[in-house]
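Bear in mind that the values in this text are calculations on the coordinates, not laboratory data. For clarity, every value in this text was computed on a predicted model and none was experimentally measured. When we count neighbours, we look across all protein chains shown, and the Cβ atoms used for this are built from the backbone with ideal geometry, even at glycine.
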Amino acid sequence: MLLSLVLYPSACQASEENDLWLLLSSYEDIGITVNDLAFFLATHGYNAKPEGSYVVVTLSDSKAVYLTPNGASIRLADLWMTPPTSQAGPIQVIPSDAIKINATYKKTDSSDFIKTISRYVIFPVAPLGMCYDGSQKLQITYKNFGYSVVYLYDPSGFDSQGHIWIVVEDKDNPGTWQAVDSYYGTVNGPEYYTAPYSFADFKYLDSINPKWRMA
């Protein structure tokens, strides 16, 4: 992340940093390494040297800035004001239990519970095919009433467009759930109680669905 500080640097220094940022923004390289990046910058007139997992660029006023290759992201590298402290290599950013794979949820037997949660919502919550929006509305509604909610997601559902729905935990019988579809309402089929992926926070859907880039 490029941090902006109100330090009013000299015009010459600011221009040099701006020129460097423009150069980085003008190219992309999915496989660029630290050594590749240092060589690329050197061929463009910069005093650049590889240093472990990053490149040190010394500007004309002797100020050093630090660059880390960012692979498939936009620009060739990220710009740092201080040496990056993180070690090179994969770092787990999603908790290991945040996304469950092929989990199965036990269905509740409580008809009173099913009737109660059915009264909170008028179905359909969203038109057929709009399950992404509808499931979020359901999650917000049931969470506001104090229920635990989990999203279930099947990437191959609805002709591979993906289908997402929720299960709501029965407070009086912890560990048992009722599946709810944003279009059909409460559903009882066994296919609604297991899915390739399940998670409590909708944000994790972006970690499952790939975002493809064109060459």
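Relative to the Cα centre, the charge distribution of the chain, modelled as +1 at Lys and Arg Cβ and -1 at Asp and Glu Cβ, gives a dipole magnitude of about 420 debye.
Farthest toward the positive end of the dipole of the chain, out of 145, 52, 162, is the Cα of 145, where the dipole comes from beta carbon charges about the Cα centre.
Bridgeable lysines around residue 100 (alpha carbons under 18 Å apart, same-chain partners fewer than 8 residues away excluded): 203.
Per residue, how big is the convex hull around the C-alpha atoms of the range 99-208? Give it to me in cubic angstrom, could you?
91
In terms of overall dimensions, the C-alpha atoms belonging to the range 14-142 reach 74, 28, 24 Å along their principal axes, ordered largest to smallest. Amide H contacts of residue 185: none lie under 5 Å away among residues 5 or more positions distant or on a separate chain (H built 1.01 Å from N in the peptide plane; Pro and chain starts excluded). In the chain the Cα-Cα distances spread across 10 Å bins starting at 0 as 7, 26, 19, 13, 16, 13, 5, 0 percent of all pairs.
When each of the peptides 119-125, 163-169 is scored by the mean number of other C-beta atoms lying within 10 Å of its residues, the order from highest to lowest reads 163-169, 119-125. Quick check on the range 36-78: what does the Kirkwood estimate of hydrodynamic radius come out to from the alpha carbon pairs, in Å? Its Kirkwood hydrodynamic radius stands at 10.5 Å.
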